[in-house]
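I have placed the structure first, in the form of structure tokens, so that the comments after it can refer back to it.
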Amino acid sequence: MDVRLLGCVEMHTSAGKVSLHTSVRRFLASLAWRPGGFVPDEVMIERQWATDIPQHPRQALYTYAARLRRALDGDGSHPRNLTLVRRRGGYLLDVEKDSVDLHRFRDLSRLAKCAAHQGDNTMALRLFDDALALWRGEPLSDLNTDWAEATRISIQREHRAVMVGRAEAGLRGGLHEEYLPDLYQLSADHPEDERVAGFLMLSLYRSGRQDEALSCFTHIRSRLVRKLGDEPGTTLQNLYSQILRRDPGLNHTQGLPVAH
């Protein structure tokens, strides 16, 4: 079984994609968030509705569980699939973590960070790319509950960290121009992120675009002063000074002068 949360919520079996009603997809997503973990009825109810809770919410959960089991069983010609387990007071999705794309993404991201820490930028980039390839759009994009929205924000932060980590590995590997489009997008999405700004400035400088690198600093400084009433941090200011005087040390691919 393959459960997908990094986009619309989907379930795939050996026979292909399984059609599920929105309520059942919410039910599935709530369990797939922690595969193998017990989720009490009270938590399931909160994730399913938050407001406008039906008169008999536990009965509704039971109905969703029955529908999901039927979907897992396919045409009913095989023994009952015990992947979905009911225990006293709650439910459990008894599958391996790698059956859920979110957890494959997390595992690949963790391996990529380990490779980067060990200085193997080529492997790190490959693993980061494999992790990002699992994304099909906005996570849980077809669910609109409060829980789904909070979860979506949490997962998107993880996505951002991977994008930044990949850009850093690219810079360490000397791939300055290749990752400029990603850094420009990250900078546009997170205009007050000094780490992203630093990577973009360094990438531009190493690509022979000193004026644009200096301009990046001017933009983020102006934004921080206007919105927060504060100057950029010491690390970013030092990087600006290094770029301004064309410090030869900035041409080294190791030891990025950007705060983490």
Between HIS21 and ASP193, what is the label-to-label distance in nm when each label sits 7 Å out along the Cα-to-Cβ direction? 4.0
Could you tell me how many cubic angstrom of Cα convex hull volume the chain has per residue? 147
Span per principal axis, largest first, for the Cα atoms of region 126-199 (Å): 43, 28, 15
Straight-line reach from LYS113: which lysines have a Cα under 21 Å away, not including same-chain ones fewer than 8 places off? LYS97
Using 7 Å Cα-to-Cβ label points, what is the MET1/LEU214 separation (nm, one decimal)? 6.0
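Give me the extension gain from ARG87 to ARG70: residue separation times 0.36 nm, minus the current Cα-Cα distance, reported in nm with one decimal. Before the final figure, lay out each step's value.
Numbers: separation 17, 0.36 × 17 = 6.12 nm, distance 1.82 nm.
Result for the pair: 4.3 nm of gain on full extension.
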What is the distance, in nm, between label points placed 7 Å from the Cα along the Cα-to-Cβ direction at ASP120 and at ARG226? 4.5
Scattering curve values for region 2-99, log₁₀ I(q)/I(0), Debye with Cα scatterers, q = 0.10, 0.24 Å⁻¹: -0.25, -1.46
Helix 57-73: inclination vs the chain longest Cα principal axis, degrees, rounded to 10, gives 90
Most mobile of LEU93, LEU224, LEU202 in a GNM of the chain (Cα contacts under 10 Å): LEU224
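Just so you know, all these numbers are worked out from the coordinates, no wet-lab data involved. Predicted model only: the values in this text are computed from it and were never measured. No Cβ is skipped: glycine too gets one built from the backbone with ideal geometry, and neighbour counts run over all protein chains shown.
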